[in-house]
Every structure is written in C-alpha cells, then in structure tokens.
1. Starting from the Cα gyration tensor of the stretch 1-114, take the square roots of the eigenvalues, sort them a ≥ b ≥ c, and report rounded, prolate or oblate (rounded when a/c is under 1.5, otherwise prolate if a/b is larger than b/c, else oblate).
2. On the first, second and third principal axes, largest extent first, how far apart are the outermost C-alpha atoms of the stretch 61-174 in Å?
3. For a paramagnetic label modelled at 7 Å from the Cα of Leu22 toward its Cβ, which residues of the stretch 105-129 fall within the zone defined by backbone nitrogen distances under 20 Å?
4. In nm, what is the difference between 0.36 nm times the number of residues separating Ala130 and Ser271 and their Cα-Cα distance?
5. Determine ³J(HN,Hα), in whole Hz, for all residues of the stretch 106-115 in sequence, where each value follows from phi through the Karplus function 6.51 cos²θ - 1.76 cosθ + 1.60 and θ = phi - 60°; x replaces Gly and Pro.
6. Test of understanding: what is the full-extension gain from Asp67 to Asn148, defined as 0.36 nm times their sequence separation minus their Cα-Cα distance?
7. Projecting each Cα onto the charge dipole of the stretch 82-205 (Lys/Arg +1, Asp/Glu -1 at the beta carbon, about the Cα centre), which of Ala123, His106, Tyr154 comes out farthest on the positive side?
8. Can you list, largest first and rounded to whole Å, the semi-axes you get for the chain by taking the square root of 5 times each eigenvalue of its Cα gyration tensor?
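What follows is calculated from the coordinates using simple rules that are stated; it is not laboratory data. No experiment lies behind these values; they were computed from the predicted model shown. When we count neighbours, we look across all protein chains shown, and the Cβ atoms used for this are built from the backbone with ideal geometry, even at glycine.
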Amino acid sequence: MPELPEVETVRAGLSPVMEGQLIQRAEVNRPDLRWPFPDRMADRLTGATVRGLRRRSKYILADLDSDETLLIHLGMSGRMLISGHTVGKFHHPHPAPAKHDHVVFHMGQGARITFNDARRFGAMDLMPTAEADAHWLMRDLGPEPFSNQFNETYLVGRLKRRNTPIKSALLDQRIVAGLGNIYVCEVLHRAGIHPARKAGRISASRIAGLVPLVRQVLQEAIAAGGSSLRDYRQADGELGYFQHGFAVYDREGAPCTRDGCPGVIDRIVQSGRSSFFCPGCQR
Ligand SMILES: [Zn+2]
C-alpha cells in the first residue's frame, strides 16, 4: 500500500506537466473507480488551468482556476503515465490506449497524463477549493508530519494516557496524517520502541523524540523517491510506486541493522497487520 513518500514522489513527478498548465480536454472513460466520479467531471476539468499541485496525507490535490480542487487518490494499483512531454533528456511518445486507462488529461503544449488503475481502488473527486479541508476524506485527518502543528507538545498531549499500542496510535490518521504500516515500523525501530508498548506508558521524552524521527524517516524515503524519479521511472514516463531498502519492514529473520545490535528482526501481527521489529533493541 502506498504511503506518504510514494504519493509525494508522484506529486513531484506530475508537477512540471500540470502546474500552471491548461487541461485542454479531460477524457473520462468510465463512470467510477472505487466511488462514482463527480457529476460532469470531464466538462468541469476541460478548460481549467492547474494553479498548483499539493498533497494532503495520501491524496494529490490539483487546485484549478475554476476555484475547484481535483482530488486524486491512486489507491493500491493506480499509475500515472506521462507522455508527449520532455523531462530532462527523456521524451515519451504517446502510448496506444490501453486497458484500464480510466482518465486521460490532454494538457496544453501536447502533454498527456493517463491514469491507469487495473484494480480500481483509486478515486477522483471535485470540490470547491475553499471547502477542500471539509471534504469527507480529509476532514478528520490530523496534522501533516512536516507541519508546525505536528510537534513534541502536540504528540505528547495526544498520546498521554492512551491505552493503545504505540504502533496503532501512530497509524491513527486523526493523530498524524499519512503514516502507514511500513514507515511506522521503521520509525519505531529507529526510536528503539517496541511496537506493542502502550502509548500512554512511554515517557514523554521518548514520545517527543518520535517527532523528528517521523520526519527523518519520511524525508529519507521522499529523497529516495526523488532519485528514482530522476532515473528509471522517467525512462518509461511512468509514475508508480517504488520500494527501497528498509531497516525492519519485510525483513523477518534478517539481522538488525543497528550498530552493535545482535538482534534478528521478528514479526508480530497487530490489528491484522504485520509489525516488524528487533527484539534486541526495541523496548
Ligand atoms: Zn536491533
């Protein structure tokens, strides 16, 4: 499942083709993805210029000069294909229409963005820009990890006396937006905190220490995504999800990467999802 860094990478890849650019024609090839598309979506997008492209949690938001915002959720298998646009030394010709090309943006200056989603867990919606924060997918989200609102005082306050495991608390999108299973495992390993520890029983100073670690782990993944954009992803014009090296995630049975730790990565299931951690250095 894609997480914040992967979505941020796709946003960054779309930015040069979308920001400041006219959607000359929007082509919508089916009535729905995970949910029905909004009424007259193609008409409402056609002729609009994209003012800016931002991200909220795992959603890409395109603010349009029609004062509407397009929400794009890539879901599990959504991919964005960019063609007819030169990025650095790469120029990708338009591909032949393919199965699962559900939405196509024909941009000014000849570029084309194709949203292809075989499993159709993705979504698109349109809303007035002024009401974007109140959209049902976003209204209950906690602060962004890189925002000022996500700080030590905030996190200590939110986790105080909470009886849930720290892993579940960090996955709670109302506490912090955009963190998923992979990066929570990585953050807890870096912090040396066992994923099953009750959040309310961890000292305030250790909870406060999670704030910079969350940012560090996400920032490293975003940087890795950025370098993947610069090389092989651009080779075929496809913006999908990348996977890079993790310290604990999906490494059951492998040695711990922490200097001097003799531990072996273990896996437990919490709320139906795998938690990877090192019993040697996570307490
Ligand atoms: Zn270890």
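1. Because its axes are fairly even, with a/c under 1.5, the stretch 1-114 counts as rounded.
2. Largest first, the stretch 61-174 extends 57, 31, 29 Å along its Cα principal axes.
3. 105-114, by backbone N distance to the label point.
4. Computed gain between Ala130 and Ser271 is 47.1 nm.
5. Using θ = phi - 60°, the values come out as 8, 8, x, 6, x, 6, 9, 10, 10, 9 Hz.
6. 26.5 nm
7. It is Tyr154.
8. Listed largest to smallest, the semi-axes of the chain are 37, 21, 16 Å.
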